[in-house]
Amino acid sequence: MSKKIVSIVLAIVLVVSLSLVSCSTPGKSDQTAAQTTANSSDQKAGSAFTGNESQEFYMVTFVSGYPFWKDCYNGFKEAGALYGVKTVYGGTTEYDVNAAITALDQIIAKKPAGIAVTAMDAKAYAPSINKAIEQGIPVITFDSDSPMSKRISFIGTQNYSAGVTAARYIGEKLGGKGKVAALTTLAQSNIKERTDGFQETIKSEFPGIELVQVADAGTDQVAAATSAANLLKSNPDIQYLFCALVTASVGAQQALTEAGKKGKVKIVAFDTDTVTLDAIKSGDVDASISQAPWAMGYWAMNYLYFIKNGLVNPVDNWQGKGYPAIPVTADSGSTVVTKDNADNFYTPEN
């Protein structure tokens, strides 16, 4: 091959090589730029999930020593830890509407980053909840709602449905025939909803079952035991007793023991505190309707954090415009707990 031909071939190879290099270089630059943009976006998005330690989110309840609230707050606290913000448990130890609202007002005055509150009385709580919202403090209700207030969302058991579940469990156990009674409290709206669901389902779905009495258990174990004892005297042939709250169940167990009817009249309780779970395992309680207290607290805190830190913003001023960016209500769920599955409902707290 002549030197001239060799030179031409080498020249062609050099041109092709340079062309390939020049073509590949922009690709690498584009890839690097894209990666840099992605990393920047990730960092920007990630920073929104890193909370300010100075932000304080409150959970507010009444009867603050109640085990149910402890489970709620455990979920609330764990969600707060995800973001690195401070969570605080507040409220009152009393079962008193005025005291509970006073405690809520005192917390509102601290201007916290957000509040999750259980409304013992839906109507009475509304002015305080509205005041917080008007001051720019997001409020989520849980367990017991205040639907006529300006609260952003409610997370909790659909109490009427839970009462339906209890009625159907008892109805099936009795084969559609027998006598039952209910022990409830008239002072709390969410518990009344449970009782309504129970009462109306027995009437509509189990016409062969007679609901002989719906008795008021009051607000503590002593009152519940007295009420249950009077109920048993008036109705000695009942077969099942639906207790729509923990204190009613504990009082009923005491009354049954004292009347010598333990095991003869069966109890369907509500909630999964240690006392109730232990009673199910021992046979003193036939079943209980479980709520999801941890889930209520956990998702309430998540909602509050998202709202406070602008992670929910479908349109500007979505709250003022009434845009549905957060579910107005969320059912935390309920299920029947018996001896077969009671062990699954013990938590580290109980």
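Descriptive notes on the structure:
- The loop-placed trypsin sites (Lys or Arg not before Pro) in the stretch 63-160, going by DSSP, that have at most 15 neighbouring Cβ atoms within 10 Å of their Cβ come out as Lys110, Lys150.
- Put simply, the Cα atoms of the stretch 218-350 extend 65, 30, 21 Å along their principal axes, the longest span coming first.
- Given charges at beta-carbon only (K, R positive; D, E negative), |dipole| of the stretch 159-290 in Debye: 400
- Computed lengthening from Thr257 to Gln213, 0.36 nm per intervening residue step minus Cα-Cα distance: 13.8 nm
- Fraction of accessible area attributable to carbon and sulfur, the stretch 159-290 (%, probe 1.4 Å): 49
- The chain - mean residue ellipticity at 222 nm from DSSP helices (-39,500 (n - 2.57) per run, n ≥ 4, rounded to 500): -16500 deg cm²/dmol
- Computed accessible area, Tyr346, all protein chains, 1.4 angstrom probe, square angstrom: 70
- Inter-part distance where the stretch 243-316 and the stretch 94-129 are each reduced to a Cα centre, Å: 22
- Charging the Cβ of each Asp and Glu at -1 and of each Lys and Arg at +1, and nothing else, the dipole of the chain about its Cα centre rounds to 1080 debye.
- Nearest-ten-degree value, helix 221-234 long axis tilted from longest Cα axis of the chain: 50
- In the stretch 122-224 the Cα-Cα distances spread across 5 Å bins starting at 0 as 2, 12, 18, 17, 15, 12, 10, 7, 4, 2, 1, 0 percent of all pairs.
- Estimated inter-spin distance, Asn98 and Gln319, nm [label 7 Å along Cα→Cβ]: 3.0
- With all protein chains modelled, accessible area of Tyr323 [1.4 Å, Å²]: 110
- For the chain, the solvent-accessible area with a 1.4 angstrom probe is 49 square angstrom per residue.
- To the nearest ten degrees, helix 3-48 and the longest principal axis of the Cα atoms of the chain are 30 degrees apart.
- A probe of 1.4 angstrom, applied to the heavy atoms of all protein chains, finds Ile202 with accessible area near 0 square angstrom.
- Here, the stretch 159-290 is characterised by an Rg to Rh ratio of 0.92, where Rg is the alpha-carbon radius of gyration and Rh the Kirkwood radius.
- With Cα atoms, 0 to 90° folded angle of helix 97-109 axis to the chain main axis: 20
- The chain: proportion of alpha-carbon pairs further apart than 35 angstrom, %: 39
- Listed residue (Gln221, Phe68, Gly320) projecting farthest to the positive dipole end of the chain, Cβ model: Gly320
The values are calculated or read from the model by the stated rules, or taken from the named source; none is laboratory data. Remember, predicted model here, so these are calculated numbers, not experimental data. Every residue, glycine among them, receives a Cβ derived from its backbone with ideal geometry; neighbour counts consider all protein chains shown. Only protein heavy atoms, including side chains, enter the accessible area calculation; ligands, DNA and RNA are left aside. Shrake-Rupley method; radii C 1.70, N 1.55, O 1.52, S 1.80 Å.
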